[in-house]
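What follows is a short report on a single structure.
Please treat every number below as a calculation from the coordinates, not as lab data. All of these numbers come straight from a predicted model, not from anything done at the bench. Don't worry about glycine lacking a Cβ; one is built from the backbone with ideal geometry, like all the others, and counts go over all protein chains shown.
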Ligand SMILES: Cc1cc2nc3c(=O)[nH]c(=O)nc-3n(C[C@H](O)[C@H](O)[C@H](O)COP(=O)(O)OP(=O)(O)OC[C@H]3O[C@@H](n4cnc5c(N)ncnc54)[C@H](O)[C@@H]3O)c2cc1C
């Protein structure tokens, strides 16, 4: 998975200068790397930028890390774009000089997906404007966090129809992978709620696309893992927001009754949001259906636990925003611990779910689980973007083990990566796919398996939009 890179060095002067960012003026492909004005050396001029190209240690070290703290590939520079044109200029520059480029959103990947050892990381946090909010949609820069968008849309009584469990992720980073949450049971993934995109393709073209304009590019980019274009701006769907969330936790004695209740709840769509939690204890697993009704008083949901056969029912009510943002503080605490996070996230066909999960739970001690394990069903028909790969089954279960290695240990992380690989193989053997946000060691051949009959289309889109394979090497899809 490690891309082959040219060995280039930062000039000694640039490396020593903490404030070197604005001073980079030229590139010496012969071996010196970036040149500052102070080097007064000849080189290929770096394009004039609205933002800055940083080559200092701190910027490059940050870009060589992510939420997983497992993979560390150092870029030669970090672009903090001041505009989409900056992204375009750097992608064109990279094409001309054999560099790789990866956009980094909030860096919440767990296995180096937003890193590059041989080029430039573009830090999208400087592209973070909410441009427009209307009753039906919002136009936002790719670096906007969902949290900040939701805060602004709720001021107008609006919300994205589906949200990830954690709102501190970037629009661009989530639209590149899919974006799943409890409301996916009604609205599909985040990528199924996009009206238009502005992107910079791998060849450096800045273009707008939508289902009507350049639809092949639009559909390739959504869930396209950054392989064809960098998203610079997105127009995302908004719907009227409810004010209140009534949250049900329904407890079940075993896996079979838990998933049976989830299937029933999915079939009648009684909840606005449907997920499920499996919590390890020393004496076994606790199974809980998590269902939420969004509503605005005086209208009231009925008894949504009725007929779901739970052994215990817990109901709480909270403002809609408090619910959407429920894990933000917890994630900030986890981020501060800097634990390695060898996550595994797989999608399973309905018919294989119970057997697969039972076996996985039986071999997972509490310490390997990383806390709560997520398991919930989604309807296949609502997830329409072609490069979001799901099992071929009308109902698909999302299974997520959010492992954390505590205390940090390289040996323990490597052991869990090997477990991930074995469990991934077992998932594929029963018709499963992986959700590419986790830490599973994969080869290009595994990716061909992942895309299956869509692989020729995936490869053709790469050839068309990023023929020099400049973009997003950290996914490891191409050799
Ligand atoms: C605590 C936590 C909770 C999470 N909860 C959920 C959840 O509920 N649902 C869910 O679906 N996922 C969830 N995820 C996974 C998350 O959606 C993905 O890891 C996502 O890619 C992270 O977004 P990011 O902004 O950090 O992207 P990054 O990690 O920075 O980037 C992810 C990938 O997208 C590429 N990329 C980033 N920006 C762009 C862009 N503008 N254009 C093109 N490519 C780009 C990167 O190069 C990289 O390959 C969670 C992750 C964490 C750490």
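Among 89, 100, a tally of other beta-carbon atoms within 10 Å of each Cβ gives an order, fewest to most, of 89, 100. So how tilted is helix 410-429 from the main axis of the chain? Cα-based, degrees 0 to 90, rounded to 10. Helix 410-429 sits at roughly 60 degrees to that axis. Relative to the longest principal axis of the Cα atoms of the chain, the long axis of helix 455-465 lies at roughly 40 degrees.
By the helix-only formula, in which each DSSP H run with n ≥ 4 contributes -39500 (n - 2.57) and the sum is divided by residues, the chain has a 222 nm mean residue ellipticity of -8000 deg cm²/dmol.
As a length-normalised measure over Cα pairs under 8 Å and 6 or more apart, the relative contact order of the chain settles at 16 percent. From most to least packed by mean Cβ count within 10 Å, the peptides 339-350, 192-203 give 339-350, 192-203. At the listed q of 0.05, 0.07 Å⁻¹, the Debye profile of the chain, built from one uniform point per Cα, gives log10 I(q)/I(0) equal to -0.19, -0.36.
Axis angle, to the nearest 10 degrees, between helix 328-337 and the longest C-alpha principal axis of the chain: 60 degrees.
Between the C-alpha center of the range 424-441 and that of the range 146-223 there is a gap of 24 Å. Working note: Debye formula, equal point scatterers on the alpha-carbon atoms of the range 304-356, no solvent; log10 I(q)/I(0) at q = 0.21, 0.25, 0.26 Å⁻¹ is -0.99, -0.94, -0.95.
For each of 154, 206, count neighbouring Cβ atoms within 10 Å of the residue's Cβ, then give the residues from fewest to most. Could you put the intermediate results ahead of the total?
Numbers: 154 16, 206 19.
Going from sparsest to densest Cβ surroundings: 154, 206.
Quick one: Cα centre-to-centre distance for the range 331-382 and the range 229-244, in angstrom? Cα centres, the range 331-382 to the range 229-244: 27 Å.
Neighbour counts of C-beta atoms inside 10 Å place 230, 378 in the sequence 378, 230, starting with the fewest. Within the chain, DSSP assigns beta bridges of which about 90% are antiparallel (rounded to the nearest 5).
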